[in-house]
Amino acid sequence: MSLEWLAVAVALLPPLGLWAAYPRRPVAAAAIFGLALASGAALLAAAPAAGRAAAALTALWGIGGAALAWRLVRRREIEHSAAAERLAGVRAQRERMAEELRGLKARGVNAELAHREASALYGLVKSLSEAMSWEEARPRVEGALEQYFGPRVEYALYVAGLRGEGEIRPLTVRGLRASPGAAWATLERLLQEQNATSGVARTFEKPERSVGVPIREGQELLGYLYARVPEGAASEAWLAKTQSFVSELGVAFRRVKLFQEVERLSEIDGLTGVRRRGAFDKKISEELVRAKTFKTTFALMILDIDHFKSLNDGHGHPFGDQVLKRIGSVLNSLVYDTDFVARYGGEEFAIVLPRAEPAGALRKAEAIRAAIEAEIFSVGFEELRVTVSIGLSHFPRDASTPEEMVARADSAMYSAKASGRNRVVDSDALRRLN
């Protein structure tokens, strides 16, 4: 290359380097600077003595310009890196703020959920403290369950001694189709298969994910709550949540149970163990309303002990009381849980048979008559048998009011006495005779 062209090349290196490296290619700028050093040195070496000053200026221009271009590009790179770091810092800060916001929202949701659960428990305790029967308690417990667990909760709530008996019966069941928890018999079988008892809270994984928690007050088992675990929820967490709910039920259930027991005892005749007359009057009115509403039938049976006055006069009132007590026990043992036995008068008893048809009620009356006749009563060294006369009436066949039902059954019972005692007379047969 001629000296002139070399000088031109050296002179053009600064703008060329700036063009090639700008804005952020410091490596290219450094390469141009290196090229300027080499080219400048070559120019100085090739220049004659007369033109050495001009060559030195040209070399200095090329080297200085290339160095300045490299410095500008390098400073631009540094500024860009600093700006990138600041931007990254801003982004990181925004991410932290977003994370904090998400945390605040999650805590807010949790706080709202905890508030809702606490409100449900408080409302449950308050409302149950005002309930005096299981009928009053049922809708209040259902509302609290939905508020506490959510509207889609599926469960079965059982109560021990719902009607005064010791067995466990369902108070309310929701959404447990084809589930072992839908009936106490199948739930007990599931517990037995898994070697578990109803007195211990536990989770179930098969045949479905669920939890079971006993409702206790002290050592007494008052009930049991079985609930399905929702999809996506952890079984242990759901168990803990269910236990928190159940922990508020024990005292309330005990209180309702005591109210029911007091009410039941206030309705029980102390001698015979069956219901009192007032309870009977209430029951037959309720049954008549129910039968009219649902278009069903029911029967009324009135029975009177034959020759009871003679038994009292001949063997004393203690023996009469023994007869009344035994007959009350026989009647309670022969009727269904849904039937209602009451002492109607001195030696008269009344039995309400819901949904009974005439033929079935007649068979039941004959079985009662025969069972009482088979009883043997001892008085001193003497053994006696007692008989009863029974009258039957039916709704809607014979009557449309409680008073008419009683009058028809009473007339049939007196007809049984008049026709020889120790027999059953249906009011329909009495009507045909008249």
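For segment 324-334, which positions are within 15 Å of ARG369 (Cβ to Cβ) and buried (at least 20 other Cβ atoms within 10 Å of the Cβ)? Give the steps one after another, and end with the answer.
We begin by selecting, within segment 324-334, every residue within 15 Å of ARG369 (Cβ to Cβ); these are 326-327, 330-331, 333-334.
Hits for segment 324-334 are ILE327, LEU331.
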Item to check | Filter result for the condition that a residue is out of contact with any strand residue (DSSP E or B) (no Cβ under 8 Å at 6 or more places or on another chain) and either part of a strand (DSSP E or B) or surrounded by 15 or more Cβ atoms within 10 Å (Cβ to Cβ) (or both), over ASP410, ASP337, ASP398, ASP428 | outcome: ASP398
Item to check | All positions within segment 233-252 that are farther than 21 Å from SER210 by Cβ and crowded, with 20+ Cβ neighbours inside 10 Å | outcome: ALA252
Item to check | When residues of segment 272-299 are limited to those that are under 23 Å from ALA407 (Cβ atoms) and either small (Gly, Ala, Ser) or over 40 Å from the mean Cα position of the chain (by Cα) (or both), the one surrounded by the most Cβ atoms within 10 Å (Cβ to Cβ) | outcome: ALA299
Checklist outcome for this item: Pairs returned, first residue in segment 119-143 that is under 15 Å from LEU157 (Cβ atoms), second residue that is at pLDDT below 80 and polar (S, T, N, Q), beta-carbon separation under 6 angstrom, 6 or more apart or interchain, are ARG140/SER127
Checklist entry - Hey, does segment 287-301 have a residue that's under 19 Å from LYS417 (Cβ atoms) and modelled with pLDDT of 95 or more? => result yes
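Looking at segment 413-425, which of its residues are surrounded by fewer than 20 Cβ atoms within 10 Å (Cβ to Cβ) and not in a loop (DSSP other than H, G, I, E, B)? Don't jump to the end; show me each part of the working.
So the first thing to find is which residues in segment 413-425 are surrounded by fewer than 20 Cβ atoms within 10 Å (Cβ to Cβ), and the list is 414-415, 417-423.
TYR414, SER415, LYS417, ALA418, listed by residue number.
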Checklist outcome for this item: Only one of LEU191, LEU222 is closer than 23 Å to ARG140 by Cβ, surrounded by 12 or more Cβ atoms within 10 Å (Cβ to Cβ), assigned by TED's automatic domain parsing to the domain that holds LEU145 and hydrophobic (A, V, I, L, M, F, W, C), namely LEU222
Checklist entry - If GLU165 passes every condition in (1) crowded, with 19+ Cβ neighbours inside 10 Å; (2) acidic (Asp, Glu); (3) at pLDDT below 90 but one, which one does it miss? => result (1)
Checklist entry - Among (1) in contact (Cβ under 8 Å) with a residue 60 or more places away in the chain; (2) over 30 Å from ARG216 (Cα atoms); (3) among the β-branched types (Val, Ile, Thr); (4) in a helix (DSSP H, G or I), which single condition is THR293 missing? => result (1)
Checklist outcome for this item: All-but-one check, ARG216 against (1) under 30 Å from GLN322 (Cβ atoms); (2) buried (at least 18 other Cβ atoms within 10 Å of the Cβ), failing number (1)
Item to check | Residues (part of a strand (DSSP E or B) and either surrounded by fewer than 16 Cβ atoms within 10 Å (Cβ to Cβ) or without any contact (Cβ under 8 Å) to a residue 12 or more places away in the chain (or both)) located in segment 378-395 | outcome: SER378, VAL379, GLU382, GLU383, LEU384
Checklist entry - Which is touching a helix residue (DSSP H, G or I) at 6+ places or on another chain (Cβ under 8 Å) and within 24 Å of ALA416 (Cα to Cα), of LYS309, LYS364? => result LYS364
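The values are calculated or read from the model by the stated rules, or taken from the named source; none is laboratory data. Since we're looking at a predicted model, the values are computed, not measured. Positions of Cβ are generated from backbone atoms using ideal geometry, with glycine treated the same way; all protein chains shown enter the neighbour counts.
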